[in-house]
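The structure appears right after this line, and notes come after that.
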Amino acid sequence: MLKGKHIILGVTGSIAAYKSAVLCRLLVGAGADVKVIMTPLAKQFITPLTMATLSKHPILVEFFNPENGEWNSHVSLGEWADLYLIAPATANTMAKMATGVADNLLLTTYLSARCPVAIAPAMDLDMYAHVATQRNMAQLREDGVHIIEPASGELASGLVGKGRMAEPQDIVKAVEALFGEKKKSLEGKRYLVTAGATIEAIDPVRYISNHSSGKMGYAIAEALAERGAEVTLVSGRTALDVPVGVERVDVLSAEEMHKACVERFAQMDGAVMCAAVADYTPSVVADEKLKKSDDDMSIALKRTKDIAAALGAQKGHRVLVGFAMETQNERENAQSKLERKNFDFIVLNSLRKEGAGFRGDTNIVTLIDKAGAEELPLMSKREVAERIVDKIEKI
Ligand code: C5P
């Protein structure tokens, strides 16, 4: 799919620059013609020799070659490229891009590029979460830059969190999607997806939760994004990576998930409520770890807010999809939820069937709307996601 594509690979000064070598090799292996621009600092992290050998082109760092004065024209580079991919993109480079600073070849080329631009941010979790970085990323998104979201995981600092550059294979997938012929039927649409289990604290140590892995919701977010939608994934704690092109908002409790969803729903074209939200939460969260005694104990619980119903009440023309996981009177319960929460359709999971439900990679579902029910056979969660998105598209 990348055969004959001209790609400029911009490398900035981050530890993740070591992954740029693999990325370059994968892009070249997929048939792309890759020219590499490095910032002066990037050379401290990975050698130009490595990048030049892998890309089969000399590396560009300076505005001109200091030995013979030959001009490295950022204008013609920008015209040559079908895609400008900056990976890793540091907080510093993103800030400069967002404000139009042009103090190195990588940045002047950005300002001259007529092609699509994609960046794969890489930095420490606090830098990534900082309001300034988030503001710059929002600006870049508005300027039309495609952001290949960083993953969560162990960072070079030893800390664990979001900020790790997406893996080279995932960046290549994102690049292919950018060039892809895949129908971008949901271009310009915005969707909210909830996924995973919520966590309700009892005390600083214990909590109430459930077995949801988040896999179904993540597959839906990925399927929506692949069709060109802008997707915000409000996610409970999971071990899953953020799908390419999806913005993830991490939450723990039902209350936090409610807030994150209600705040965003007005700007959305639709929402898929896939999270397994706690129905009850401890009435009081103990400040200190509860001590055991010889007696039995009970914990008073209060109802949580129903997020789906709250969105259903302000639905308007938006598409709203819910899930139901039932162990008895499946159809009737799902049907009543469909009406009560104002869903366009509801996806019924049965816990009784082999291959369906929590944690696994497959599911057996029935799609129910006011007109009737469509039973789907055993499928991968990814295929189920495609069928759900097909139905959203029709609506
Ligand atoms: O009522 P029940 O929990 O079975 O409804 C399931 C549907 O409602 C799912 O789509 C789930 O994500 C959503 N839900 C919610 N907020 C809650 C409870 C459920 O969004 N507090």
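The values are calculated or read from the model by the stated rules, or taken from the named source; none is laboratory data. Only a predicted model underlies this, so the values are computations on that prediction, with no experimental measurement involved. Heads up, the Cβs are rebuilt from the backbone with ideal geometry, glycines too, and the neighbour counts pull from every protein chain shown. Accessible surface is based on the protein model in full, side chains and every heavy atom, while ligands, DNA and RNA are left aside. Shrake-Rupley method; radii C 1.70, N 1.55, O 1.52, S 1.80 Å.
Contact annotation: residue pairs with Cβ atoms under 6 Å, 6 or more positions apart or on different chains, pairing a residue in region 358-377 that is touching a residue at least 60 places away in the same chain (Cβ under 8 Å) with a partner that is open to solvent by less than 50 Å² (accessible area, probe 1.4 Å) and not β-branched (Val, Ile, Thr), are Arg359/Ser213; Asp361/Ser380; Asp361/Lys381; Asn363/Ala356; Asn363/Lys381.
Pairing residues of region 253-277 that are within 12 Å of the ligand (Cβ to nearest atom) with residues that are open to solvent by 20 Å² or more (accessible area, probe 1.4 Å) and assigned to a helix (DSSP H, G or I), at Cβ distances under 7 Å and at least 6 apart in sequence or on separate chains, gives His258/Ala310; Val262/Ala310.
Looking at Asn342, is it within 13 Å of the ligand (Cβ to nearest atom), at pLDDT 95 or above, in contact with a helix residue (DSSP H, G or I) (Cβ under 9 Å, 6 or more places away or on another chain) and over 16 Å from Glu255 (Cβ atoms)? Judged against the criteria, Asn342 is a match.
For region 267-313, filtering for residues that are among the acidic types (Asp, Glu) and open to solvent by 100 Å² or more (accessible area, probe 1.4 Å) leaves 5.
Quick check: anything in region 66-75 among the aliphatic types (A, V, I, L, M) and either open to solvent by less than 50 Å² (accessible area, probe 1.4 Å) or within 21 Å of Ser152 (Cα to Cα) (or both)? Scanning region 66-75 turns up no residue that is among the aliphatic types (A, V, I, L, M) and either open to solvent by less than 50 Å² (accessible area, probe 1.4 Å) or within 21 Å of Ser152 (Cα to Cα) (or both).
Scan region 314-324 and give yes if some residue there is open to solvent by 50 Å² or more (accessible area, probe 1.4 Å), within 12 Å of the ligand (Cβ to nearest atom), modelled with pLDDT of 95 or more and part of a loop (DSSP other than H, G, I, E, B), otherwise no. Checking region 314-324: not a single residue is open to solvent by 50 Å² or more (accessible area, probe 1.4 Å), within 12 Å of the ligand (Cβ to nearest atom), modelled with pLDDT of 95 or more and part of a loop (DSSP other than H, G, I, E, B). The set of residues in region 92-109 being open to solvent by 30 Å² or more (accessible area, probe 1.4 Å) and either touching a strand residue (DSSP E or B) at 6+ places or on another chain (Cβ under 7 Å) or acidic (Asp, Glu) (or both) consists of Asp103 alone. Selection of first residues in region 378-395 that are assigned to a helix (DSSP H, G or I) and of second residues that are open to solvent by 90 Å² or more (accessible area, probe 1.4 Å), restricted to Cβ pairs under 9 Å at least 6 apart or on distinct chains, gives the following pairs, ordered by first then second residue: Lys381/Asp361; Arg382/Asp361. Based on this model, can you work out whether Thr133 counts as open to solvent by less than 20 Å² (accessible area, probe 1.4 Å), polar (S, T, N, Q) and part of a helix (DSSP H, G or I)? Spelling it out, Thr133 is indeed open to solvent by less than 20 Å² (accessible area, probe 1.4 Å), polar (S, T, N, Q) and part of a helix (DSSP H, G or I). Looking across region 231-280 at every residue that is in a loop (DSSP other than H, G, I, E, B) and of a type in the set (Asp, Glu), the one that is farthest from Glu393 (Cα to Cα) is identified as Asp279.
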